[in-house]
């Protein structure tokens, strides 16, 4: 039988284990606070804090991510138009800036590996798709970097809870 004092010490040890190992946990809810990067042609860009709504959730090996990509809100769907009768132009305007995917994740050192099981963009769910992101802590914020050739993007995530 475990004594109450030993149990309390074990709970305290488990609760503080990430800090003892020098790593904070990414588990929780986050939003994009800033975003900047470089185009494939080497041109720097920076949206600063004019980013649109987003939500990242990491919990127990599962993640979900959804965001409006860019500095401008998504266009409104014209009044009286339903999803079934959107014009190609309206549909492109509404969906082009929207990102969404969910699945499982693991963190190995400073690398976040995801395995999307559902995504707005079907090729992202391919069995060989294993997006990797570089993680870096900046105070309480989490910097998440993606790279594709010469292009790269950094999301500054701010914890919601």
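The values are calculated or read from the model by the stated rules, or taken from the named source; none is laboratory data. The structure displayed is predicted, hence computed values, not measured ones. Cβ coordinates were reconstructed from backbone atoms using ideal geometry, including for glycine residues, and neighbour counts include every protein chain displayed.
Given the structure, is residue 35 under 26 Å from residue 94 (Cα atoms), assigned to a loop (DSSP other than H, G, I, E, B) and either modelled with pLDDT of 95 or more or out of contact with any helix residue (DSSP H, G or I) (no Cβ under 9 Å at 6 or more places or on another chain) (or both)? Before the answer, list the steps.
Details: under 26 Å from residue 94 (Cα atoms): yes; assigned to a loop (DSSP other than H, G, I, E, B): no; either modelled with pLDDT of 95 or more or out of contact with any helix residue (DSSP H, G or I) (no Cβ under 9 Å at 6 or more places or on another chain) (or both): yes.
No; evaluated as a whole, the condition is false for this residue.
Taking the condition of being closer than 23 Å to residue 130 by Cβ and in a loop (DSSP other than H, G, I, E, B), how many residues in the range 45-70 meet it?
Filtering the range 45-70 for residues closer than 23 Å to residue 130 by Cβ gives 54-67, 69.
Checking which are in a loop (DSSP other than H, G, I, E, B) leaves us with 60-61, 69.
So the count comes out to 3.
So that you can scan it fast, the table gives a plain yes or no per residue for (1) under 25 Å from residue 51 (Cα atoms); (2) modelled with pLDDT under 95; (3) out of contact with any helix residue (DSSP H, G or I) (no Cβ under 7 Å at 6 or more places or on another chain):
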position	(1), (2), (3)
80	no, yes, yes
95	yes, yes, yes
123	no, yes, yes
132	yes, yes, yes
138	yes, no, yes
145	yes, no, yes
150	yes, yes, yes
154	yes, no, yes
157	yes, no, yes
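Hey, can you tell me all the residues within the range 79-100 that are part of a helix (DSSP H, G or I) and either surrounded by 15 or more Cβ atoms within 10 Å (Cβ to Cβ) or touching a residue at least 60 places away in the same chain (Cβ under 8 Å) (or both)?
If the condition is that a residue be part of a helix (DSSP H, G or I) and either surrounded by 15 or more Cβ atoms within 10 Å (Cβ to Cβ) or touching a residue at least 60 places away in the same chain (Cβ under 8 Å) (or both), then 90, 93, 94 are the ones that fit.
Could you run through the range 101-118 and say how many residues are farther than 14 Å from residue 56 by Cα and part of a strand (DSSP E or B)?
Looking only at that region, the number is 8.
Which condition number in (1) more than 12 Å from residue 157 (Cα to Cα); (2) without any contact (Cβ under 8 Å) to a residue 40 or more places away in the chain is the one that residue 63 fails?
Failing condition for residue 63: (2).
In a loop (DSSP other than H, G, I, E, B) and either on the phi > 0 side of the Ramachandran plot or in contact (Cβ under 8 Å) with a residue 12 or more places away in the chain (or both), is that true of residue 73?
yes
Taking residue 116 and the conditions (1) farther than 15 Å from residue 146 by Cα; (2) surrounded by 15 or more Cβ atoms within 10 Å (Cβ to Cβ); (3) more than 15 Å from the chain's Cα centre (by Cα), which numbered condition does it fall short on, given that it satisfies the others?
(3)
Just to be sure, is residue 40 over 25 Å from residue 159 (Cβ atoms), in contact with a helix residue (DSSP H, G or I) (Cβ under 8 Å, 6 or more places away or on another chain) and either at pLDDT 95 or above or part of a loop (DSSP other than H, G, I, E, B) (or both)? Write out each step before concluding.
On the way: over 25 Å from residue 159 (Cβ atoms): yes; in contact with a helix residue (DSSP H, G or I) (Cβ under 8 Å, 6 or more places away or on another chain): no; either at pLDDT 95 or above or part of a loop (DSSP other than H, G, I, E, B) (or both): yes.
The answer is no for residue 40.
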